[in-house]
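Notes for the one structure printed next.
The values are calculated or read from the model by the stated rules, or taken from the named source; none is laboratory data. Note that the structure is predicted; figures quoted are calculated from it, not measured. So basically every Cβ, Gly included, is an ideal-geometry build from the backbone, and we count neighbours across all protein chains shown. Ligands, DNA and RNA are excluded from the accessible area calculation, which covers all protein heavy atoms including side chains. Shrake-Rupley method; radii C 1.70, N 1.55, O 1.52, S 1.80 Å.
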Amino acid sequence: MINLKNRSLISITDYSKEEILKVLEIAEDFEKDQRQQILTKNVIASLFFEPSTRTRLSFESAVQYLGGSIIGFASADTSSVKKGESLKDTILTVSNYSDLIVMRNPLDGSARFASEVSPVPIINAGDGANQHPTQCLLDLYSIKKTQGTLEDIHIALVGDLKYGRTVHSLVQALSLFNATFHLVSPDSLKLPSAVKTYIKNAGLEYHQYTDLNEVIPIADIIYMTRVQGERFPDPLEYEKVKNAYILENSMLEGSKPNMRILHPLPRVNEINEDVDSNPKAYYFQQAKNGVYIRQALIAAILGLKS
Ligand code: CP
């Protein structure tokens with residue numbers, strides 16, 4: 001029996017394979033009918049201590065399409081954190097005003113901490129370089145939609161595999177679905193060992209590359225990522241790798257017919273705009289899928305869908 005009611009979502013590893021598939025199934029229902037008025041008695045809080053366009057606005061959109069109310073802030077500068085209030089006090093206060101808290105914070109582990117002190121469930125909307133589980137669910141939804149399955153996918157993850165939290169969550173999730181991982185990064189931005197352990201423990205294969213061209217003919221999914229400049233301790237190190245990979249349309253000849261390009265966005269330079277009109281570019285539809293996934297999560301955690 002799958003029951004996500006009143007459970008925080010902090011890491012994608014908090015959900016089993018069956019629970020992940022249940023969220024995707026509920027999201028499909030919202031894709032068919034996005035305006036189900038099931039949230040009219042609920043208030044959702046959205047606390048963003050770090051910049052966001054897609055995650056924050058797709059959560060807001062999800063709540064509003066469902067007839068709910070949303071409160072919160074888009075920057076720590078407009079909250080009492082600016083006056084020195086602790087995260088614990090902020091969460092305890094906002095839990096008085098809402099049924100569910102969505103939080104993004106630059107500190108790794110902050111979402112887990114918030115869930116330990118909060119009387120209402122927390123959804124992690126990204127904590128530092130650690131986890132981005134709701135992005136992961138929409139990435140999985142996008143893979144399933146474009147490939148017809150989540151099983152046995154060859155995925156190329158390209159760019160900042162060290163600081164990219166969306167990559168960490170996605171590798172952990174796809175380790176449940178017999179994926180083969182093609183990891184393309186500069187030496188300084190390789191996937192952390194702790195994340196590779198999930199692949200090894202699942203008995204799956206990963207291959208490491210520095211040349212993006214090598215993976216283009218073999219990938220079902222090319223998952224491009226931005227180099228996360230804000231996480232580098234040394235700005236000079238960022239300058240060395242910031243343009244390590246730039247995908248251009250001419251490079252896609254020879255890619256599989258089913259191949260699709262994903263990117264959690266925002267992009268900086270890593271996908272040339274000439275790729276946007278290629279039918280294999282899927283990143284803006286991917287962002288749209290985020291609304292259905294976030295509707296599904298909110299509904300499941302509030303016990304309104306199961
Ligand atoms: N993908 C993602 O997290 O985008 P935002 O930073 O714009 O929310």
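With a 1.4 Å probe and every protein chain kept in, tell me what percent of the accessible surface of the chain is carbon plus sulfur. C and S fraction of accessible area: 48 percent.
222 nm [θ] for the chain, helices only, -39500 (n - 2.57) per DSSP H run of 4+, per residue, to 500?
Here the helix-only value at 222 nm equals -10500 deg cm²/dmol.
Inter-label distance, Asn269 to Ser188: 1.4 nm, where each label sits 7 Å from its Cα along the C-beta direction. Segment 190-214 and segment 74-108 have Cα centres spaced 35 Å apart. Residue by residue, segment 115-129 carries 3J(HN,Hα) couplings of 5, 6, 9, 8, x, 10, x, 10, 10, 7, 9, x, 10, x, 8 Hz when phi is fed to the Karplus relation 6.51 cos²θ - 1.76 cosθ + 1.60 (θ = phi - 60°); x denotes Gly or Pro.
Taking amide H as placed 1.01 Å from N in the peptide plane, the amide H of Ala281 sits under 5 Å from that of Ile261, each at least 5 places away or on another chain.
Where in the chain lies the longest segment free of GluC sites (Glu not before Pro) that are both loop residues by DSSP (not H, G, I, E, B) and have at most 13 other Cβ atoms within 10 Å?
Details: sites that count: Glu85, Glu151, Glu205, Glu248, Glu253.
Answer from the scan: 1-84.
For Ser46, nonlocal amide neighbours, meaning residues 5 or more places apart or on other chains whose placed amide H falls under 5 Å from its own, are Ile71, Gly72, Phe73, Val102. Rounded to whole numbers, the Karplus 3J(HN,Hα) couplings from phi for segment 21-29 are 5, 5, 4, 5, 5, 5, 4, 4, 5 Hz, using 6.51 cos²θ - 1.76 cosθ + 1.60 with θ = phi - 60°, and x at Gly and Pro.
So what is the accessible area of the chain per residue, in Å², with the probe set to 1.4 Å?
In whole numbers, the chain has 42 Å² accessible per residue.
Applying a DSSP loop filter and a limit of 12 other Cβ atoms within 10 Å to the chymotrypsin sites (Phe, Trp or Tyr not before Pro) in segment 234-285 leaves nothing. Each DSSP beta bridge with both residues in the chain is either parallel or antiparallel, and the antiparallel ones are about 5%. On the beta carbon distance between Glu230 and Asn96, with R0 = 25 Å, the FRET formula returns roughly 0.20. Mean sequence separation of contacting Cα pairs (under 8 Å, at least six apart), scaled by the length of the chain, corresponds to a relative contact order of 21 percent. Note on the chain: with a GNM built from Cα contacts shorter than 10 Å, the maximum mean-square fluctuation among Gly67, Gly148, Gly290 falls on Gly148. Derived scalar couplings between HN and Hα for segment 201-211 equal 5, 7, x, 9, 9, 9, 10, 10, 9, 10, 9 Hz in order, rounded to whole Hz, by the Karplus curve 6.51 cos²θ - 1.76 cosθ + 1.60 (θ = phi - 60°), x for Gly and Pro. Were the residues from Glu214 through Lys240 laid out at 0.36 nm apart, the gain over their Cα-Cα distance would be 7.2 nm. Between Asn178 and Glu25, the simple label model (points 7 Å from Cα in the Cβ direction) yields a spacing of 2.0 nm.
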